[in-house]
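Please read the structure below before turning to the comments.
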Amino acid sequence: MKESWKQLQDWIKEAKQMVFFGGAGVSTESGIPDFRGEAGIYQTISEFGVRPEEILSHSFFLRDPETFYAYYKKYMLFPDAKPNAAHLALARLEQEGKLTAVITQNIDGLHQKAGSQRVYELHGSVRKNHCLRCGKQYPLAYIQKAEGVPRCSCGGMVRPDIVLYEEGLDEKVLYGAVAQLQKADLLLVGGTSLNVYPAAGLLQYFGGKHLVLINRDETPMDGQADLVLHDKIGEVLGAVVGV
């Protein structure tokens, strides 16, 4: 095991309240591509004529729900994806009483699939959907089976419970995540470029002992971390935790 990985292993053993903050890189090892990557942006523009950020905006959803759902169903839903070593390692750390919370920017629900119980989904989840007219809840399968724009039994349009561009984060989720960060003595950040705000700004609430960053590329926070690992997060956590 690399010396830097061994250092992380030692800090995890010492930790009393560890928190994990993750992004798209956690799920890419499960076969879920990052739509913000060059390939995703190019593909969306060539097929739909606009960038993915525009399609996934509140105003675009209301203006053109047909195109929104055509893109959403094709490129944002991966119901058969399975948790990878990173998800499984974090779930085990929670079971062992080491990890107190997972804070994620992902919407795929893979942390819960792996067994994690306390998950703060900053950008919502594709697993939950509701009618804009009556509020009735619908599972992911309903969205997948619907042709075109999903409609409720009342006739209203059904939308996914994800945070679209131009929308604010859920305050309850946000405050819960901040409370966890403030109590943590070890913060492990993985699979995120830390360029998406306001989510990335939450790291300012951590004042604990060790900040560890695991990301294949450099991030704006590298210089402030106690340990930086430019490796695949699944490989690192899988080896360090032993899953």
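Given a Förster radius of 25 Å and the C-beta distance between VAL50 and ALA146 as r, what FRET efficiency does 1/(1 + (r/R0)^6) yield to the nearest 0.05? Numbers along the way, then the final one.
Working: r = 23 Å, r/R0 = 0.91.
The formula returns an efficiency of 0.65 here.
Mind jotting down the distance between the C-alpha centroids of region 166-225 and region 55-70, whole Å?
Distance between centres, Cα-based: 29 Å.
Taking the Cβ of ILE162 as the center, what net charge do the other residues with Cβ under 11 Å away carry, scoring Lys and Arg +1 and Asp and Glu -1? The partial results should precede the final answer.
Working: positive: ARG127, LYS128, ARG159; negative: ASP108, GLU121, ASP161, GLU167, ASP170.
Summing Lys/Arg as +1 and Asp/Glu as -1 gives -2.
Pairs of alpha-carbon atoms within less than 8 angstrom and 6+ residues apart define the contacts here; what relative contact order does the chain have, in percent? If you can, show how the numbers build up before the last one.
Numbers: 424 pairs, mean separation 61.4, N = 243.
Rounded, it is 25 percent for the chain.
Could you list the square roots of 5 times each eigenvalue of the Cα gyration tensor of region 135-202, that is, the equivalent ellipsoid semi-axes, sorted largest first and rounded to whole Å? Could the numbers behind the result be given before it?
Values: eigenvalues 220, 38, 29 Å².
Over the Cα atoms of region 135-202, the semi-axes work out to 33, 14, 12 Å.
At a Förster radius of 35 Å, what calculated FRET efficiency corresponds to the Cβ-Cβ distance of GLN43 and LYS2, to the nearest 0.05?
Numbers: r = 35 Å, r/R0 = 1.00.
For GLN43 and LYS2, the calculated efficiency is 0.50.
Which value results for Rg/Rh of region 84-196 when Rg is the Cα radius of gyration and Rh the Kirkwood radius based on the inverse mean 1/r? Numbers along the way, then the final one.
On the way: Rg = 16.2 Å, Rh = 15.7 Å.
Computed over Cα atoms, the ratio is 1.03.
With every protein chain left in place, what is the accessible area per residue of the chain in square angstrom, probe 1.4 Å? Don't jump to the answer; show the numbers that get you there.
Working: 11640 Å² over 243 residues.
With all protein chains present, the chain gives 48 Å² per residue.
Treating cross-link reach as a plain straight distance, find the lysines whose alpha-carbon is under 20 Å from the alpha-carbon of LYS74, omitting any fewer than eight places away in the same chain.
LYS82, LYS128, LYS145
To the nearest 10 square angstrom, how much accessible area does ILE103 have with a 1.4 angstrom probe?
Its heavy atoms expose roughly 0 Å² to the probe.
Suppose R0 equals 35 Å. What FRET efficiency, 1/(1 + (r/R0)^6) with r the Cβ-Cβ distance, do ASP222 and ALA70 give to the nearest 0.05? Write down the numbers at each step before the final one.
Values: r = 38 Å, r/R0 = 1.09.
Result of the calculation: an efficiency of 0.35.
Label 7 Å along Cα→Cβ of CYS134; region 147-182 residues with amide nitrogen under 18 Å?
Zone members listed by number: 150-160.
Roll a 1.4 angstrom probe over the protein heavy atoms and tell me the percent of accessible area of region 1-107 that is carbon or sulfur.
Working: 2640 of 4980 Å².
Answer for region 1-107: carbon and sulfur cover 53 percent of the accessible area.
The values are calculated or read from the model by the stated rules, or taken from the named source; none is laboratory data. Source: prediction; values computed, not measured. Neighbour counts are summed over all protein chains in view; Cβ atoms, including those assigned to glycine, are modelled from backbone coordinates with ideal geometry. Only protein heavy atoms, including side chains, enter the accessible area calculation; ligands, DNA and RNA are left aside. Shrake-Rupley method; radii C 1.70, N 1.55, O 1.52, S 1.80 Å.
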